[in-house]
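In what follows, a structure is listed as structure tokens, so that the remarks can point back to it.
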Amino acid sequence: MELTVAKHQKVLADALAKAQAINYDQPKVMKPEAIKSTKTAKAVKEKQPKARKPKLVRDSFAMPEAEYARIDELKQRLAALGKPAKKSEVLRGGIAALTALNDSELKAVMERVERIKTGRPHK
């Protein structure tokens, strides 16, 4: 049992190292050059393309309460480390970590995730 736990901890530590090595492309924001006259200012503003924000997608999902509580635990740990994060940022970080895994590591991690019945709960 301890050997399995140690093995999984090593896999997760390797995955974290890989996730931290990922470089995300940041959107480029163009700064207007120094403007000499109001006539050229209007021409410069019209020529500059506006920086587009990435399109956000809203979604909903279900998960066991114990796993949902882990999100709050992670948020508290990050706050204690001086890097407070929102729930969506924690989830996106988890996706980045999973993406960095190779196929066998990803399969091993996902085999430990319990399958749950999807859909709305009964009232």
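Modelled spin-label separation between Ala21 and Ala79, with each label point placed 7 Å from Cα along the Cα-to-Cβ direction: 3.3 nm.
Rounded to the nearest 0.05, what FRET efficiency is calculated for Leu3 and Thr99 with R0 set to 30 Å and r the Cβ-Cβ distance? Could you put the intermediate results ahead of the total?
Working: r = 27 Å, r/R0 = 0.91.
Calculated transfer efficiency: 0.65.
Every number in this text was worked out from the coordinates using simple rules, so none of it is lab data. Everything numeric here is computed off the predicted structure, so don't read it as measured data. All Cβ positions, glycine included, derive from the backbone under ideal geometry; neighbour counts span all protein chains shown.
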